[in-house]
Amino acid sequence: MRRNPFGMDICCRKGSRSPLQELYNPTQLSNTAILHQIRRDQVTDTCRANSVSSRKRRVLTPNDLKHLVVDEDHEMIYCYVPKVACTNWKRVMMVLTGRGKYSDPMEIPANEAHVSSNLKTLNQYSIPEINHRLKNYMKFLFVREPFERLVSAYRNKFTQKYNTSFHKRYGTKIVRRQRKNATQEALRKGDDVKFEEFVAYLIDPHTQREEPFNEHWQTVYSLCHPCHIHYDLIGKYETLEEDSNYVLQLAGVGNYLKFPTYAKSTRTTDEMTTEFFQNISSLHQMQLYEVYKLDFLMFNYSVPSYLKLE
């Protein structure tokens, strides 16, 4: 790939204000800054309100930090959430941390963005280094309406023929557990999982005892630990471009690096999500809502109008 003409600017921001300073001590208070303060407060209030029911505050382990991507040069930490533009954000982080190796995020192949060695995560540091970065770096994540994200994960992992690894690992298990009189072929391939079966699998207590959810349908609460880690900026999928470019502006690279826009034709929409939930019983809807309830509350998503909650 061609050398980034802005390589020096991108890598060497020392001497200028950090993103954290830009965010909390802006030269002028904007509506955007106020909006993000409201989002931060919502998370704090939800954590406080639900601490009674949660187990006593636990210490985070290195395994809890593997979704937090570190950008040393711009003093930022990004917690990636699958199905919330995380491929494009990883591409952008590769441009920011690549020291001029990349200039255009969209020139980076999607599969390369997911190679773990291309980005450094917080669990690779010592405990003093982790604490220093959590205190001094700007931490951000992007969230999405929980059920829309879930339908997006289902469509991507279970309806695309090329996702054979998911069919083998999860599809066969779901068919075996949720489908009566399953054919030998379905049990062997696991490539025709219905959305109703996927939901039944998610709410099955056995599933949750067996192993953590896969990251594509794990709650944001469990992936990014917002009650233990104070996120300075919470971007939303619904305002992806504006929020992403605000992050880049705070990082001091907004003049020459923009968040990639892409075609929305295949994107999972609210209308699509409504259709998928048509065949889910009210009992299963209610149980599923309980699984994702903290994500709904924490990130200020209202209960979907299509739910038939008792």
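The values are calculated or read from the model by the stated rules, or taken from the named source; none is laboratory data. Model, not experiment: these values are computed from the prediction. Here Cβ is always computed from backbone atoms with ideal geometry, including for glycine, and neighbour counts include all displayed protein chains. Note: accessible area is taken over every heavy atom of the protein model, side chains too, but ligands, DNA and RNA are not part of it. Shrake-Rupley method; radii C 1.70, N 1.55, O 1.52, S 1.80 Å.
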Discussion item. One residue is enough: does the range 163-184 have a residue meeting the conditions out of contact with any strand residue (DSSP E or B) (no Cβ under 8 Å at 6 or more places or on another chain), more than 30 Å from residue 135 (Cα to Cα), touching a residue at least 24 places away in the same chain (Cβ under 8 Å) and among the basic types (Lys, Arg)?
Written reply: yes
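Within the range 277-296, is even one residue surrounded by 13 or more Cβ atoms within 10 Å (Cβ to Cβ), in contact with a helix residue (DSSP H, G or I) (Cβ under 7 Å, 6 or more places away or on another chain), outside any helix (DSSP H, G or I) and among the charged types (D, E, K, R)? Can you show your working first?
Residues of the range 277-296 that are surrounded by 13 or more Cβ atoms within 10 Å (Cβ to Cβ), as a first pass: 277, 280, 284-289, 291-296.
Right, trim to in contact with a helix residue (DSSP H, G or I) (Cβ under 7 Å, 6 or more places away or on another chain) and you get 277, 280, 284-285, 287-288, 291-292, 294-296.
Narrowing further to those that are outside any helix (DSSP H, G or I): 280.
Filter once more, so that each one left must be among the charged types (D, E, K, R): none.
No, because not a single residue in the range 277-296 is surrounded by 13 or more Cβ atoms within 10 Å (Cβ to Cβ), in contact with a helix residue (DSSP H, G or I) (Cβ under 7 Å, 6 or more places away or on another chain), outside any helix (DSSP H, G or I) and among the charged types (D, E, K, R).
Just checking, does the range 144-159 include any residue being out of contact with any strand residue (DSSP E or B) (no Cβ under 6 Å at 6 or more places or on another chain) and within 30 Å of residue 21 (Cβ to Cβ)?
At the first step, the residues of the range 144-159 found to be out of contact with any strand residue (DSSP E or B) (no Cβ under 6 Å at 6 or more places or on another chain) are 144-159.
From what is left, the residues that are within 30 Å of residue 21 (Cβ to Cβ) are 144.
Checked the range 144-159: at least one residue is out of contact with any strand residue (DSSP E or B) (no Cβ under 6 Å at 6 or more places or on another chain) and within 30 Å of residue 21 (Cβ to Cβ).
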Restricted to the range 57-79 and to residues being among the β-branched types (Val, Ile, Thr) and assigned to a loop (DSSP other than H, G, I, E, B), the residue most open to solvent (accessible area, probe 1.4 Å) is 59
| query | residue 215: closer than 25 Å to residue 39 by Cβ, in contact (Cβ under 8 Å) with a residue 12 or more places away in the chain and not in a loop (DSSP other than H, G, I, E, B), yes or no? | reply | no
Filter the range 105-127 for residues that are open to solvent by less than 60 Å² (accessible area, probe 1.4 Å) and part of a loop (DSSP other than H, G, I, E, B); the one that is nearest to residue 255 (Cα to Cα) is 108
Within the range 135-169, the residues that are in a loop (DSSP other than H, G, I, E, B) and more than 20 Å from residue 222 (Cα to Cα) are 137, 159, 160, 161, 162, 163
Out of (1) buried (at least 17 other Cβ atoms within 10 Å of the Cβ); (2) farther than 25 Å from residue 281 by Cβ; (3) among the basic types (Lys, Arg), the one residue 157 does not meet is (2)
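Within the range 222-229, can one find any residue that is part of a helix (DSSP H, G or I), closer than 30 Å to residue 73 by Cα and open to solvent by 40 Å² or more (accessible area, probe 1.4 Å)? It would help to see each step written out before you state the result.
Our first condition is that a residue be part of a helix (DSSP H, G or I); within the range 222-229, this holds for 222-224.
Still in the list and also closer than 30 Å to residue 73 by Cα: 222-224.
With open to solvent by 40 Å² or more (accessible area, probe 1.4 Å) added as a condition, the list becomes 222.
Yes, the range 222-229 has at least one match.
The rows are residues; the columns are (1) over 21 Å from residue 213 (Cα atoms); (2) of a type outside the set (Gly, Ala, Ser).
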{"residue": "98", "(1), (2)": "yes, no"}
{"residue": "111", "(1), (2)": "yes, yes"}
{"residue": "119", "(1), (2)": "yes, yes"}
{"residue": "134", "(1), (2)": "yes, yes"}
{"residue": "139", "(1), (2)": "yes, yes"}
{"residue": "144", "(1), (2)": "no, yes"}
{"residue": "152", "(1), (2)": "no, no"}
{"residue": "171", "(1), (2)": "no, no"}
Going through the range 80-104 in order, the residues found to be open to solvent by 10 Å² or more (accessible area, probe 1.4 Å), more than 17 Å from the chain's Cα centre (by Cα) and either closer than 25 Å to residue 153 by Cβ or not basic (Lys, Arg) (or both) are 97, 98, 102, 103, 104
| request: Inspect the range 232-251 for any residue being out of contact with any strand residue (DSSP E or B) (no Cβ under 9 Å at 6 or more places or on another chain), of a type outside the set (Asp, Glu) and assigned to a loop (DSSP other than H, G, I, E, B) and give the result as yes or no. | output: no
Residue set 246, 301; condition within 23 Å of residue 50 (Cβ to Cβ) and of a type outside the set (Val, Ile, Thr); output residue 301
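Looking at the range 125-141, which of its residues are in contact (Cβ under 8 Å) with a residue 40 or more places away in the chain and within 27 Å of residue 295 (Cα to Cα)?
Start the filter on the range 125-141 by keeping residues that are in contact (Cβ under 8 Å) with a residue 40 or more places away in the chain, which leaves 125, 130, 133-134, 136-141.
Result: 130, 133, 134, 136, 137, 138, 139, 140, 141.
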From the option list 274, 266, 261, single residue qualifying as surrounded by fewer than 17 Cβ atoms within 10 Å (Cβ to Cβ), among the β-branched types (Val, Ile, Thr) and assigned to a helix (DSSP H, G or I) is 274
